[in-house]
Amino acid sequence: MDNVARSKGVLQLSAITAPLVDPVVDAFLGGPAPLQERVDAAVAELRRRRTAAARQRGAFTSLADRIDGWIRSDAPEHLDDPAFPEATKVQLVEALHRFNQAIGANDRFLRVLAPLVDEVVTRHGRPPRLLELASGSGEFALQLAEEARRRDLRVRISGSDIVPAQVERARRAAASRALDVDFRVVDATTMDGVDRGAFDIVFIAQSMHHFSPGLLARVLSAAHRVAAHAVVGVDGRRGLDKLLLVPGPAWLVPWTPHFHDAFLTARKFYSAAELEVIGRLAAPNAIVEVGSQGWVYSTLILRS
């Protein structure tokens with residue numbers, strides 16, 4: 001659950017981390033501190049307890065834990081740097097889109113959403129209302145709309161981002177492809193201006209690692225407030241192998257902004273146990289499901 005690299009030592013990290021989730025959640029659930037502070041402290045405590053447990057398991061498991069800790073990074077990506085040139089950010093987003101196309105990422109995301117969409121249709125007998133958070137260029141929301149049109153599915157799709165330039169770019173893309181997708185400026189950490197239950201499903205694709213644990217909890221908590229049915233997160237699955245996979249061809253030119261962001265992305269993915277702690281503290285009254293899409297992606301679902 002905690003890591004997908006194939007070495008025995010790293011797989012042992014899963015076994016020693018899983019039993020730690022409940023005690024950590026119990027220790028940090030509620031309390032006077034703000035949610036963001038509690039979740040940051042909870043994830044730090046989970047990692048501390050894992051390190052202690054790994055040492056008790058022996059040198060090999062302890063080494064695996066140390067390697068995972070060394071890989072982890074909180075450094076900001078260029079996409080998260082307000083001072084980084086906007087034109088280069090656009091190029092980075094386009095490169096990410098090409099990478100997603102090459103590995104069929106959006107198809108995997110659609111497979112995660114499809115059962116939840118069917119549940120809403122079965123339960124309410126109306127078109128589901130979907131909102132993507134941190135949608136960037138809007139490519140996933142647009143592909144979802146194209147797939148719905150091909151299947152003659154009735155869904156209402158919206159995208160959102162905190163960067164107005166990205167929202168405007170996504171709107172132009174929707175218009176050029178004649179897709180009925182609404183894009184809006186939304187701060188995902190507060191969801192100000194979005195009514196409770198305004199959407200059936202709120203989802204965030206490949207962006208959870210951009211947030212610190214506490215900020216991600218705020219995003220999930222706010223999303224849970226406006227999602228009548230479920231909140232869905234899909235992101236890379238933590239593992240040593242992702243250090244090679246995510247940068248991909250950029251390894252040939254490691255001094256580029258694309259390599260910088262891709263390599264950092266692979267280092268910032270959350271483990272499944274961390275996602276469970278964050279989700280359960282963010283939405284204590286939700287049913288939290290942590291899973292995977294193949295060996296590449298982790299999934300987090302909060303059911304209302």
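The residues of the range 242-266 that are closer than 27 Å to Leu46 by Cα and either of a type in the set (S, T, N, Q) or surrounded by 18 or more Cβ atoms within 10 Å (Cβ to Cβ) (or both), listed by number, are Lys242, Val246, Asp261, Ala262, Phe263, Leu264, Thr265, Ala266. For Val167, the conditions (1) closer than 14 Å to His97 by Cβ; (2) touching a Lys or Arg at 6+ places or on another chain (Cβ under 7 Å) are fulfilled apart from (1).
The sole residue among Ala266, Ala217, Ala178 that is touching a strand residue (DSSP E or B) at 6+ places or on another chain (Cβ under 9 Å) and assigned by TED's automatic domain parsing to the domain that holds Glu139 is Ala266.
Of the residues making up the range 183-205, one or more are part of a loop (DSSP other than H, G, I, E, B), in the same structural domain as Trp295 (by TED's automatic domain parsing) and free of Cβ contacts under 8 Å to residues at least 12 places away in the same chain. Residues being in contact (Cβ under 8 Å) with a residue 12 or more places away in the chain, in contact with a Gly (Cβ under 9 Å, 6 or more places away or on another chain) and assigned by TED's automatic domain parsing to the domain that holds Ile103 are represented in the range 243-251 by at least one member. Looking across the range 206-234, the residues that are over 29 Å from Arg126 (Cα atoms) and outside any loop (DSSP other than H, G, I, E, B) come down to Met208, His209, His210, Pro213, Gly214, Leu215, Leu216, Ala217, Arg218.
The values are calculated or read from the model by the stated rules, or taken from the named source; none is laboratory data. Model, not experiment: these values are computed from the prediction. FYI the Cβ positions are ideal-geometry reconstructions off the backbone, even for glycines, and counts take in every protein chain you see.
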